[in-house]
1. Would you check which residues across the stretch A:111-143 are buried (at least 24 other Cβ atoms within 10 Å of the Cβ), over 18 Å from B:LEU225 (Cβ atoms) and at the interface with chain B (Cβ under 8 Å from one of its Cβ atoms) and list them?
2. For the stretch B:190-243, which residues satisfy the criterion of being within 7 Å of chain A (Cβ to nearest Cβ) and not in a helix (DSSP H, G or I)?
3. Give B:LEU169, B:LEU135, B:LEU150 a once-over and let me know the one that is touching a residue at least 60 places away in the same chain (Cβ under 8 Å), assigned to a helix (DSSP H, G or I), out of contact with any Pro (no Cβ under 8 Å at 6 or more places or on another chain) and surrounded by fewer than 20 Cβ atoms within 10 Å (Cβ to Cβ).
4. Taking A:LEU253 and the conditions (1) outside any loop (DSSP other than H, G, I, E, B); (2) among the hydrophobic types (A, V, I, L, M, F, W, C); (3) open to solvent by less than 60 Å² (accessible area, probe 1.4 Å); (4) at pLDDT 90 or above, which numbered condition does it fall short on, given that it satisfies the others?
5. What are the residues in the stretch B:17-44 that are open to solvent by 80 Å² or more (accessible area, probe 1.4 Å) and either over 15 Å from B:MET219 (Cβ atoms) or hydrophobic (A, V, I, L, M, F, W, C) (or both), if any?
6. Being within 11 Å of chain A (Cβ to nearest Cβ) and small (Gly, Ala, Ser) is the filter here, so list the residues in the stretch B:1-39 that pass it.
7. So in the stretch A:161-190, with the set limited to residues that are part of a loop (DSSP other than H, G, I, E, B) and without any contact (Cβ under 8 Å) to a residue 12 or more places away in the chain, which one is surrounded by the fewest Cβ atoms within 10 Å (Cβ to Cβ)?
8. Go over the candidates B:PRO93, B:PRO108, B:PRO133 one by one and state the one that is over 16 Å from A:TYR50 (Cβ atoms) and modelled with pLDDT under 90.
Amino acid sequence: MTVATVPVAGTRTERVAGRGRDATLGVLGLLVVVGLVEALPRLGIVNDRYLPPASAMFTELAGQLGEAAFWTALGDTLRGWALGLAVAMAAGIVLGVLIGSVGILRDLTASTIEFLRPIPSVALIPLVVLLYGSRPTSALVLVVYAAFWQILVQVLYGVADVDPVVRDTARSYRFSRLAIIRTVVWPTALPYVMTGFRLAASVALILEITAELIIGVPGLGKSIGVAQSSGAVEKTYALVIVVGIIGVAVNLLARALERRTLRWHVSVRREAR
Amino acid sequence: MRLLTTLAYALALPIVLVVVWWFASAGSESVFWPPLSKIVGVFGETWNADRWTGDVLPSLARLAVGYLVALVLGVLLGVLIGLHRPVRAFCEPTLEFFRAVPPPVLVPVIALFLGYTGDTSKVVTIAVGCVWPILLNTVEGVRGLDEVMLDTARCYRLSAWTRLRQVVLRGASPQIAAGARQALSIGVILMVISELFGANRGLGASIVQFQRSFAIPQMWTGIILLGILGFLLSVLFRLVEHYALAWYRGLRQADRGA
């Protein structure tokens, strides 16, 4: 918001205490949900064939942790996600900086980018199935397509945000093109790049799981599909919980990375105040 | 003249790409990459009146219903949660967890409860998948409201309803719009995915049936149609956003100019 927010009143210790209270409440909230999931099927309010008690899910989850197949699937999912995200990041940043810093390229590509970006990547599912079947390449194509646009668009915003005076100053001092990109364009664009990374990281996970679930690329998504169709309800829920935990971890990781790389940036410093 | 230049810039690359595709694929013998002329040729007969009424429109209707349910629920709950700090602290970790679950895994879970043949299960999938970004962004937007403004509204004895509409919803609307935009792309993904389970009709189901029966040019028309729909939906969203957030753009401009 542009309206200046009023700083929270109170001393530092009060604020820390408030944060501690919030955390306690949050844990309490999670416990209540787990309690509900335990109680509803036990009391017969929900059929336990649809929703097994939480304890059964966690027992199954613990059992899964001892199985090699689970770890293989987890590894496949994480590898596909990381590889796709890395390819999308590299392509998005290089093309974004290139297109963003050359005016004529920017004008020429704007309409095409606006058209291609909203095309849902799941539209490509039939095509990749034909081309690659259920090999990991299928998932990779979908992940890269979905994540690439998120990053490209953010990088373009970031490059467009460069202060013209700063750029002109650098140019007057005869900075080389590369030096301008490194010292002027990149630092300005970095906050946008990190936003793009955060969005892309979660989209990439969505598409990786989708490809596994729908196409049958090896990974946790495939295991969930198999568990559900074979009636292993506890296992379905246990794996969904695992995928959710991965999702949370991805979010936390992206946010931590954002905070770390942008330590020097005003927005982060203001937050930490 | 200026308009012409803009138009030329906007159209140049798309035209070049289509022309390249047209000629590069012209003599194509490959099964997977049929000539573009052939794809365009079968477009009309593939998406005939029966397919529009039987597949495309029902898909879009499910998307619309699911999305609107998510929007109403997300904003409503988001305001309730966002306005009270203890409630927010209580709910936030749980909500973050639900948001982090990739929405496609909802399909097997919902299939357990509702089976996966009717419209209900698909609408529920779309609604449940779309609600989290809207809900969490609304919470965030409501939290960022200016407290002085809220207190002022209270001092002036504005009714709760007016406060909600004029101060809370309006102040949070830029954030709500950001969440709604994320939710829209998730909704389109789920619209397609929800049709891939079981024998179904719908836009996504048709495309996969074309692929399974090796009707490759028809499959391409489906991919292109889905792309066009995705593009049109994002244009529609931007129009609505443009109208609803006109005040916000003005405010930002004024801020920057100052």
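The values are calculated or read from the model by the stated rules, or taken from the named source; none is laboratory data. Values in this document were obtained by computation on a predicted structure and should not be read as measured data. Neighbour counts run over all protein chains shown; Cβ positions are idealised from the backbone, glycine included. Note: accessible area is taken over every heavy atom of the protein model, side chains too, but ligands, DNA and RNA are not part of it. Shrake-Rupley method; radii C 1.70, N 1.55, O 1.52, S 1.80 Å.
1. none
2. B:LEU196
3. Numbers: B:LEU135 fails: surrounded by fewer than 20 Cβ atoms within 10 Å (Cβ to Cβ); B:LEU150 fails: touching a residue at least 60 places away in the same chain (Cβ under 8 Å).
Just one listed residue meets the conditions, B:LEU169.
4. (3)
5. So the first thing to find is which residues in the stretch B:17-44 are open to solvent by 80 Å² or more (accessible area, probe 1.4 Å), and the list is B:17, B:20-24, B:29, B:31, B:33, B:38, B:40.
B:LEU17, B:VAL20, B:TRP21, B:TRP22, B:PHE23, B:ALA24, B:GLU29, B:VAL31, B:TRP33, B:VAL40, listed by residue number.
6. Step one: of the stretch B:1-39, the residues within 11 Å of chain A (Cβ to nearest Cβ) are B:5-18, B:30-33.
Once the filter is applied, which keeps residues that are within 11 Å of chain A (Cβ to nearest Cβ) and small (Gly, Ala, Ser), the stretch B:1-39 yields B:ALA8, B:ALA10, B:ALA12, B:SER30.
7. First, the residues of the stretch A:161-190 that are part of a loop (DSSP other than H, G, I, E, B): A:161-163, A:173-176.
Of the ones still in play, those that are also without any contact (Cβ under 8 Å) to a residue 12 or more places away in the chain are A:173-176.
On the way: A:TYR173: 9, A:ARG174: 7, A:PHE175: 16, A:SER176: 10.
Once the filter is applied, the top-ranked residue is A:ARG174.
8. Values: B:PRO108 fails: over 16 Å from A:TYR50 (Cβ atoms); B:PRO133 fails: modelled with pLDDT under 90.
None of the others qualify; the one that does is B:PRO93.
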